[in-house]
Amino acid sequence: MTLKDLLEGVDIYGKHLYPDTDIKGIAYDSRKVREGFVFVCIKGFVTDGHKYIRNAVENGATVIVAEDDCDACGALLIRTENTRKALAAMASNFYGNPKDKMKIIGVTGTNGKTTSTSLIKHVLDFMGKKTGLIGTNANMIGDIVLDAERTTPESLELHELFAKMVNAGVEYVIMEVSSHSLDLFRVWGIEFEVGIFTNLTQDHLDFHETMDNYLAAKKKLFEMSKVSVINADDEYGRKIIDSFGGKTVTYAIENEADFKADNIKVSPKGVLFDVYTESGKQGLRLGIPGKFSVYNALSVYAALISLSINASTISEALIVAKGVKGRAETVYTRTDYTVIIDYAHTPDGLENIIRTVKDFTEGRVITLFGCGGDRDNSKRSIMGQIAGELSDYCIITSDNPRTEEPMTIIRQIEEGMKKTNCKYTVIENRKKAIGYALSIAKADDCIILAGKGHETYQILGKEKIHFDEREVVWEFLNLK
């Protein structure tokens, strides 16, 4: 691709007559630069790409795209106000603008993104459509599963993935859109057929600092969407509705909305309810328990109706939909008690899973959880108090402590736990904590292993070790 074509749509300083240069690739990591590459200088949170221009040129970069007026070390310097936007535009151009060749559905919110995207993919697959999925658990092209390093990839990797999807004949892409990706322009320039807002509760304040900033990041998705599907029961969802002038479709259980759920029945086997719209009533059934499953199913139904998918087809597909790994996932134990794994790592997520389990548990609810290190520490005591108020017994342990001292995190959780009357114990080692939970469980009890969900690793310091809670349970119960 010529440099001129690569820079189509990039807002650059000054006017340039570009040499007829053939660009072989793009990189924002100087170590990945090869001969004939463009190196894009990204200002990150740990370091600044401008510091690595010399390394990039030594590795073969012929063009440098930068925000600062700097020494390009013999390469052609092109300056732009925002190199993250520039990277997104160039990545799309380099891969033939694959984003414009598929219908892209984006889901944002604190909780429910993974389940909602998986359900939409399931319905479209049920209809025989070729789909792609991008999210926390994995990236998928049809049935082919690819590893996912982050919820929403950096723009360069995202457009490369889009190109692979186009080549595979994908018609619909369903993707989780994180607040980080919106603030950092990873999805810059994409027009979404539908954008879905699930909810907003405290999380990521280590990055956004305030809930208003967190909301502002989420709102960016709807400025990029043809249709916005918004949860009208969520206070932040209502703020989006009040401030947004585009085409908005609402869903709710409590408040009036375009898609309103009623006659809700929740059981250990799932949820059953009716959806009321101006055009009539449709019954929906989903085999994932919990009130949050009603919201997820509602958002999926509203989004697919907005895409002109037949209501009865959606209903038929949801009946046979299976749960998502690590989301209210029941682990096989061959015991008279239940073990559930859930990704709940926010105050709202933890409250949702405990309340769901309480609805169908005859015995005690035993909640085992921790909080991630190097992340928002203000939610730790809040989660401790929630778990203590709703559970019959708690075990506080490690999650992914990363570079923080595990007991420091645990003590912060304890501050909230001590405000309740719940009995609890502290076992820093998560494997030993799980073993203890299994040892004290009685008939009809339910153990919730919260926080890890789909993850099959634990991050201790800077080391990522294999840690699959299912395997840990089976090992203790001699089921391996």
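The values are calculated or read from the model by the stated rules, or taken from the named source; none is laboratory data. Not measured: the values here are computed from a predicted model. Don't worry about glycine lacking a Cβ; one is built from the backbone with ideal geometry, like all the others, and counts go over all protein chains shown. Please note that ligands, DNA and RNA were not included when accessible areas were found on the heavy atoms of the full protein model with its side chains. Shrake-Rupley method; radii C 1.70, N 1.55, O 1.52, S 1.80 Å.
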* **Whichever residue in segment 297-322 is assigned to a loop (DSSP other than H, G, I, E, B) and hydrophobic (A, V, I, L, M, F, W, C) and, among such residues, is nearest to N111 (Cα to Cα)** => A321
* To do: Looking for whichever is of a type outside the set (D, E, K, R) and closer than 15 Å to F369 by Cα here; the options are I465, I427, I440. Which one fits?
  => I427
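Matching residues to (1) acidic (D, E); (2) in contact with a helix residue (DSSP H, G or I) (Cβ under 8 Å, 6 or more places away or on another chain):
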{"site": "L221", "(1), (2)": "no, yes"}
{"site": "N231", "(1), (2)": "no, yes"}
{"site": "I241", "(1), (2)": "no, no"}
{"site": "T248", "(1), (2)": "no, yes"}
{"site": "D262", "(1), (2)": "yes, no"}
{"site": "V266", "(1), (2)": "no, yes"}
* Structure fact -> Subset of segment 323-363, residues under 17 Å from L390 (Cα atoms) and touching a Phe, Trp or Tyr at 6+ places or on another chain (Cβ under 6 Å), comes to N352
* Any idea which of (1) touching a residue at least 60 places away in the same chain (Cβ under 8 Å); (2) hydrophobic (A, V, I, L, M, F, W, C); (3) open to solvent by 60 Å² or more (accessible area, probe 1.4 Å) is the one F45 doesn't satisfy? -> (1)
* Structure fact -> Output for Cβ contacts, cut-off 6 Å, separation at least six or different chains, first residue touching a residue at least 60 places away in the same chain (Cβ under 8 Å) in segment 461-472, second open to solvent by less than 30 Å² (accessible area, probe 1.4 Å), reads E469/I341; E469/L449; E469/K452; R470/V331
* Only one of I353, I341, I395 is over 17 Å from V266 (Cβ atoms) and under 21 Å from the mean Cα position of the chain (by Cα); which? -> I341
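Quick grid of which residues meet (1) open to solvent by 30 Å² or more (accessible area, probe 1.4 Å); (2) part of a loop (DSSP other than H, G, I, E, B); (3) acidic (D, E):
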residue	(1), (2), (3)
R84	yes, no, no
L87	no, no, no
M90	no, no, no
N93	no, no, no
V107	no, no, no
T110	no, yes, no
T117	no, no, no
G128	yes, yes, no
* Asked: Among the residues of segment 396-405 satisfying the criterion of being assigned to a loop (DSSP other than H, G, I, E, B) and out of contact with any Cys (no Cβ under 8 Å at 6 or more places or on another chain), which is farthest from I366 (Cα to Cα)?
  -> T403
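Here is a yes/no grid of residues against (1) open to solvent by less than 10 Å² (accessible area, probe 1.4 Å); (2) under 22 Å from M211 (Cβ atoms); (3) of a type in the set (G, A, S); (4) outside any loop (DSSP other than H, G, I, E, B):
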site	(1), (2), (3), (4)
V324	no, no, no, no
T330	no, no, no, yes
I341	yes, no, no, yes
V357	yes, no, no, yes
N377	no, yes, no, no
M383	yes, yes, no, yes
C394	yes, no, no, yes
M407	no, no, no, yes
* Structure fact -> Of the candidates I53, I26, the one satisfying the condition of being open to solvent by less than 30 Å² (accessible area, probe 1.4 Å) and either touching a Pro at 6+ places or on another chain (Cβ under 8 Å) or in a strand (DSSP E or B) (or both) is I26
* Asked: Just for segment 227-257: of the residues that are within 10 Å of G195 (Cβ to Cβ) and modelled with pLDDT of 95 or more, which one is surrounded by the fewest Cβ atoms within 10 Å (Cβ to Cβ)?
  -> V227
* Which one of the conditions (1) under 15 Å from A344 (Cβ atoms); (2) open to solvent by less than 20 Å² (accessible area, probe 1.4 Å) does V473 fail to meet, given that it meets all the rest? -> (1)
* Asked: Are any residues in segment 284-307 closer than 14 Å to I120 by Cβ and of a type in the set (S, T, N, Q), and if so, which ones?
  -> N296, S299, S306
* Identify, by number, the condition in (1) surrounded by 18 or more Cβ atoms within 10 Å (Cβ to Cβ); (2) in contact with a Cys (Cβ under 9 Å, 6 or more places away or on another chain) that E389 doesn't meet. => (1)
* Of all residues in segment 258-296, which are open to solvent by less than 50 Å² (accessible area, probe 1.4 Å) and in a loop (DSSP other than H, G, I, E, B)? -> G287, I288, P289, G290
* Asked: Is there a residue being of a type in the set (A, V, I, L, M, F, W, C), more than 28 Å from T83 (Cα to Cα) and in contact (Cβ under 8 Å) with a residue 24 or more places away in the chain anywhere in segment 157-179?
  -> yes
* To do: Starting from residues that are open to solvent by 50 Å² or more (accessible area, probe 1.4 Å) and in a strand (DSSP E or B), keep the ones in segment 441-461 and report whichever is nearest to L350 (Cα to Cα).
  => Y457
* Asked: Of (1) surrounded by fewer than 20 Cβ atoms within 10 Å (Cβ to Cβ); (2) part of a helix (DSSP H, G or I); (3) among the small types (G, A, S), G169 satisfies all except one. Which?
  -> (2)
* Structure fact -> The condition of being among the charged types (D, E, K, R), within 28 Å of the chain's Cα centre (by Cα) and in a helix (DSSP H, G or I) holds, among E428, E414, only for E414
* To do: State all residues of segment 343-352 that are closer than 21 Å to R470 by Cα and at pLDDT below 95; if no residue qualifies, say none.
  => Y343, A344, H345, G349
